[in-house]
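Asks: What follows is a single structure, and I will ask about it in a moment.
Read-outs throughout are calculated quantities, based only on the coordinates presented, and are distinct from any laboratory measurement. Computed from a predicted structure; not experimentally measured. Glycine gets a Cβ as well: all are built from the backbone with ideal geometry, and neighbour counts include every protein chain shown.
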Amino acid sequence: MSWKLVIHGGCGAMRPGTVSKEQDEAARAGLNAALDAGSSILASGGSSLDAVEAAARALEEDPSFNAGRGSVLTADGHVELDAAIMEGTTRRAGAVAGLRTTRAPIAAARAAMELSPHVLLTYEGGDRFARDQGLEQVDNGWFVIPERAAQLDRVMAAGGQFDADIKYG
Amino acid sequence: TIGAVAVDQSGHVAAATSTGGLTAKRWGRIGDSPLIGAGTYADDRAAAVSATGLGELFIRTAAAHELCALIRLGGLGLQEALDAVLGEVGSLGGKGGLIAVAPSGEVAWGFTTPDMYRGRAGSDIERCVAIY
């Protein structure tokens, strides 16, 4: 049986001409690294669940993308992280929302699926659960990169409207 | 927002989505990514799906589950179902993108924005990374 992996790194924020050559190259390198991470698992007979977690982890760590490190900022300047994971055989699912200190949100979502009786865990309780499962905790500032802080400044200077046009991912 | 969908050598599918949400969000706003059935869904009877875009519209259309239902109950093909859901999101004024994979090994993606960071790989397909 063959295997397949498809990934995305978000949409709407990369209009031609708004992304520098360096950003374009960095993003493509990040996408390739995520494909490598997931493909190596699938090619060696591993599960699709392990593969999507590994690919997502690679993208969460890459500041090119709006997830994990490199996430956009809330109106009051901190990062809030959401993630979900689901496997198709038994339709087990896990999700987290509003996390602030768990470095690997997708790993927290998987822990919610496999180590709790729930599907969705949120905010401080979600971070506390992740910490109790041994998942690395970091300062919220670890997720913040200068480009995202500058984007927030631009949005707030323009009145802080809801980014319905998903100009910033 | 980032996402991954996969089908393994046993024909089982899985989906993952992770996001920092929208810039300048307030009031504890949560989008579609962590909502099972909206931004993330996986069902061996249909497909694995991950979404990106204006979360409010992917929630209201239950986009990821809708795509699977169109396959499972409506008999649509993978790309056909994906395009139909993006059309529904668009008809409500939203935009964004979807990636999907079926237990058969069929893959699909689509987006109604000028761009979507995306990539795919497989045992019998050419690797591809693209933005626009």
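Asks: Criterion first (touching a residue at least 24 places away in the same chain (Cβ under 8 Å), under 11 Å from the mean Cα position of the chain (by Cα), within 22 Å of A:GLU87 (Cα to Cα) and more than 10 Å from chain A (Cβ to nearest Cβ)) does B:VAL85 satisfy it?
Replies: yes
Asks: List every residue pair whose Cβ atoms lie under 6 Å apart, where the two residues are 6 or more positions apart in sequence or sit on different chains, the first residue falls within region A:138-153 and is facing chain B (nearest Cβ under 10 Å) and farther than 24 Å from A:ASP127 by Cβ, and the second residue, located anywhere, is of a type outside the set (Phe, Trp, Tyr) and surrounded by 12 or more Cβ atoms within 10 Å (Cβ to Cβ).
Replies: From residues that are facing chain B (nearest Cβ under 10 Å) and farther than 24 Å from A:ASP127 by Cβ, the pairs are A:GLN151/B:THR23.
Asks: Next question, about the same structure. Take B:GLY96 and tell me if it is in contact (Cβ under 8 Å) with a residue 24 or more places away in the chain and on the phi > 0 side of the Ramachandran plot.
Replies: Details: in contact (Cβ under 8 Å) with a residue 24 or more places away in the chain: yes; on the phi > 0 side of the Ramachandran plot: yes.
The answer is yes for B:GLY96.
Asks: Would you confirm whether any residue within region B:105-114 is part of a helix (DSSP H, G or I), at negative phi and among the acidic types (Asp, Glu)?
Replies: Among the residues of region B:105-114, not one is part of a helix (DSSP H, G or I), at negative phi and among the acidic types (Asp, Glu), which makes the answer no.
Asks: Quick check on my filter: what residues within region A:42-60 are under 19 Å from A:ALA104 (Cα atoms) and out of contact with any Leu (no Cβ under 6 Å at 6 or more places or on another chain)?
Replies: Result: A:SER48, A:LEU49, A:ASP50, A:VAL52, A:GLU53, A:ALA54, A:ALA55, A:ALA56, A:ARG57, A:ALA58, A:LEU59, A:GLU60.
Asks: Still on this structure, I have one more. Restricting to region B:100-122, count the residues that are within 19 Å of B:PHE58 (Cα to Cα) and in contact with an Asp or Glu (Cβ under 9 Å, 6 or more places away or on another chain).
Replies: 3
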